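Please treat every number below as a calculation from the coordinates, not as lab data. It should be emphasised that the depicted structure is a prediction, and the values quoted were computed from it without experimental measurement. Methodologically, a virtual Cβ is constructed for each residue, glycine included, from the backbone with ideal geometry; neighbour enumeration extends over all protein chains shown.
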Amino acid sequence: MKSINYLLVLFLFAFAACNNTSTEQNIESNEHKAEVTTEHEAHAESDDPCAHAKEHADGHWSYEGETGPEYWSCLSGEYKSCTGNHQSPIDIDEALEEKDLGELALDYAVTDGLSFINNGHTVQVNFKGDNNKLTLNGIEYKLKQFHFHAPSEHTFKGEAAAGELHMVHVSDDGDISVIGIMLEEGEENAMLATILGSMPTEVDGKNEIAASLNPMELLPEDQSCYTYSGSLTTPPCSEGVNWFVMKNKVTVSAEQLAALEGAVPENNARPVQPLNDRKVSTIE
Ligand SMILES: [Zn+2]
């Protein structure tokens with residue numbers, strides 16, 4: 001319909017331009033043209049949220065423009081979940097109820113064989129093996145990677161932090177649990193200091209990390225957190241993700257923050273999504 005209207009407008013425009021000897025015909029054509037143009041605009045602005053999305057066969061997405069967050073669901077049939085009702089991130093205003101989840105059981109150890117990648121959306125440290133895990137309701141989720149967003153994706157009472165780390169854990173069945181850690185500018189982060197020299201600043205860059213590290217050192221000392229059911233914050237926006245967002249922030253130095261920000265797209269944070277029928281709980 002859209003393309004037909006375009007053709008019609010083009011045709012009428014050409015028609016009017018070629019018939020400037022007949023004033024009457026011109027007025028008639030221009031009137032018709034205006035009608036068609038208005039109809040086209042109304043169509044584009046009203047019912048089709050994908051009207052301004054750019055089609056990319058390869059599912060390319062970004063954080064701005066025609067491939068930005070508001071159009072993710074338009075970019076691929078596999079991204080339909082991005083318009084779901086249980087999406088992430090969210091603004092965390094207050095925990096509405098205490099949920100009896102018991103403890104957040106983390107079993108992390110000193111790990112080596114890590115690699116640092118830059119995928120054009122974020123910078124990410126990949127883990128091999130399964131010696132780092134989170135256990136929830138008897139199910140083990142293995143730490144696969146952590147990556148970086150700036151500013152933070154989750155917000156507390158509408159306020160974003162300078163950055164957010166996501167530690168992504170996956171169970172044998174493919175279920176996902178993510179720990180979110182808010183970053184604020186302050187003292188140097190000792191653990192990041194050991195690996196930032198290996199961070200690839202170019203898209204598609206990959207470096208092996210010579211140092212070993214214990215992921216526990218990424219977490220704040222007090223691991224009380226908010227928890228809710230959400231989604232991946234990037235396409236395909238799959239839902240059913242168990243989120244644990246640490247209440248306490250950890251610090252990174254201004255230099256570390258600048259290095260991280262310089263390696264990722266500006267503002268690689270999806271806007272907060274409606275809470276809808278979900279509840280945010282706390283684990284103390
Ligand atoms: Zn993330």
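Sorted fewest first by neighbouring Cβ atoms within 10 angstrom, Ile181, Ile117 come out as Ile117, Ile181. For the pair Ser253 and Lys157, the difference between a 0.36 nm per residue extended length and the Cα-Cα distance amounts to 32.1 nm. At q = 0.25 Å⁻¹ the log10 of I(q)/I(0) for region 221-284 amounts to -1.12, computed by Debye summation with a single uniform scatterer per C-alpha, solvent ignored.
Neighbour counts of C-beta atoms inside 10 Å place Tyr141, Tyr226 in the sequence Tyr226, Tyr141, starting with the fewest. Residues His121, His166, His147, ranked from the fewest to the most other C-beta atoms within 10 Å, line up as His121, His147, His166. Given axes a ≥ b ≥ c from the Cα gyration tensor, I'd like to know whether region 112-170 is rounded (a/c under 1.5), prolate (a/b larger than b/c) or oblate. Oblate, because a/c is 1.5 or more while a/b does not exceed b/c. The local environment of Ala161, defined by Cβ-Cβ distances under 14 Å, has a net charge of -4 under the rule Lys, Arg +1 and Asp, Glu -1.
The residues packed around Ile90, meaning those with a beta-carbon under 15 Å from its beta-carbon, carry a net charge of -3 if Lys and Arg are +1 and Asp and Glu are -1. Lysine pairs in region 63-206 whose alpha-carbon atoms fall under 15 angstrom of each other, counting only those eight or more residues apart or on distinct chains, come to 5.
Compared with the direct C-alpha span, the chain from Glu140 to Asn214 gains 24.8 nm at full extension, assuming 0.36 nm per residue.
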